[in-house]
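One structure is given below, encoded as structure tokens.
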Amino acid sequence: IFGASLAKQFDCINGGSLLLKVGDDINFSRLMKIAEEAKTNFKKTGKRTIIQIDEVEFFGTKQTPSIWKRLRGKPENFEEFLSVCSDKYGCTLIVTTNEPNKIDNSIKSKMKFLYVPIANAEDMAEILKFHVNNRNKENINYKKLVSLLVAKTKDGSAFTNARLEDIVKTVISRHGVLNQKLLKEEIANREPDISKEEIDFYKKDFKLCK
């Protein structure tokens, strides 16, 4: 969502979104394919390409996945790719993470950080609506569902977007339909996935790295 919105706002090319995990050769290969396409497009049109990477903590380490070793003439690792992605490939990376503390400091130094506050009640309602979207659903009262989520975060903890998405996906995969009762039951079995301590750490980490 971030990448597509930024690409539209700044008249850039949307390179798509990648969810990367260590050892996932398919997505590492896809990243380099998009980078090569970005390089070609930049030469032809002068437009930059925006690439979004989710869960970048899986990628933002010094560990060299096998795919990098097989790409002759390409960056040896993610840190090197960050150094050349703008000038060599004409692309800008927008990365997201819930765990910035897991990213190597040498890689952080090449990034500009923006702390995105945790979702409030209104945000959570919109996130649920987005993921429910056109799925098979019955009447849903988002306000009441969000009130259940908020009640679980009174200690300062929070639900990530990924956890809210998983709640919706779990219900639809188990029952084939989304309704108030099923979503309410699933929420009752879920706990926030970010603690207050982690949130405070992220805020501190953001201030140190921006």
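The values are calculated or read from the model by the stated rules, or taken from the named source; none is laboratory data. Note that the structure is a prediction, hence the values are computed from the model and not measured. Don't worry about glycine lacking a Cβ; one is built from the backbone with ideal geometry, like all the others, and counts go over all protein chains shown. Surface accessibility is based on the protein's heavy atoms, side chains included, excluding ligands, DNA and RNA. Shrake-Rupley method; radii C 1.70, N 1.55, O 1.52, S 1.80 Å.
Couple of notes before you dig in:
- Amide H contacts of LYS137 (H built 1.01 Å from N, under 5 Å, at least 5 apart or other chain): LEU178
- Stokes-Einstein D for the stretch 142-195, Kirkwood Rh over Cα pairs, 20 °C, 1.002 mPa s (µm²/s): 189
- The stretch 147-170 versus the stretch 111-133: alpha-carbon centroid distance in Å: 11
- Estimated FRET transfer efficiency (ASN141, ALA4; beta-carbon r; R0 35 Å; 0.05): 0.75
- When each of the peptides 193-204, 96-107 is scored by how many other beta carbons lie within 10 Å of its residues on average, the order from highest to lowest is 96-107, 193-204.
- Amide proton proximity set for ILE53, modelled H, under 5 Å, gap of 5+: LEU18, ILE94, VAL95, THR96
- Spin-label model distance (nm) - LYS169 vs GLU185, 7 Å beyond Cα toward Cβ: 2.1
- Phi-based couplings in Hz for the stretch 181-196 (Karplus 6.51, -1.76, 1.60; Gly and Pro marked x): 5, 5, 5, 4, 5, 5, 4, 4, 8, 10, 10, x, 9, 10, 7, 4
- Distance between the 7 Å Cα→Cβ label points at VAL177 and LYS154: 3.4 nm.
- Solvent-accessible area per residue, Å², over the stretch 81-183 with all protein chains present [probe radius 1.4 Å]: 57
- Spin-label model, MET111/SER17: points 7 Å from Cα along the beta carbon direction are separated by 1.7 nm.
- Taking the accessible area of the stretch 104-163, probe 1.4 Å, and keeping the other protein chains in place, the carbon and sulfur fraction comes to 49%.
- Backbone phi angles across the stretch 47-52, fed through the Karplus curve with coefficients 6.51, -1.76 and 1.60 (θ = phi - 60°), yield HN-Hα couplings of 8, 7, 10, 9, 10, 9 Hz in residue order; Gly and Pro are listed as x.
- Too-long pairs where the Cα-Cα distance tops 18 Å, listed order kept, from LYS137/LYS169; LYS33/LYS110; LYS169/LYS203: LYS33/LYS110; LYS169/LYS203
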